[in-house]
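A quick write-up on the structure given underneath.
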Amino acid sequence: MKKPVMSEWYKSSFSDAGKECVEVRHDPAVTLVRDMKDNGRGPVLAFPADVWTNFIDSGIWQQ
């Protein structure tokens, strides 16, 4: 898997090829997450960079 480019949306590696697609975008101070069910027109969740890093480091998403 290639490293995400800063400030560009990319599909999560946990998304399948069907309708279960989540996109992520990393900006310097925040990570944004959106559900592509509505072609990206729905709400966008914003996580401060330190909160996102703590979430990834926790490993809870692997369970």
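The values are calculated or read from the model by the stated rules, or taken from the named source; none is laboratory data. Nothing here was measured: the structure is a model prediction, and the numbers come from that model. Please note: Cβ atoms are built from the backbone with ideal geometry, for glycine as well, and neighbour counts cover all protein chains shown.
Numbers for the structure displayed
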read-out: Residue match in the stretch 13-29 (condition: surrounded by fewer than 10 Cβ atoms within 10 Å (Cβ to Cβ), touching a helix residue (DSSP H, G or I) at 6+ places or on another chain (Cβ under 6 Å) and at pLDDT 85 or above); value: yes
read-out: Residues of the stretch 27-61 satisfying the condition of being aromatic (F, W, Y) and under 17 Å from M6 (Cα atoms); value: F47, W52
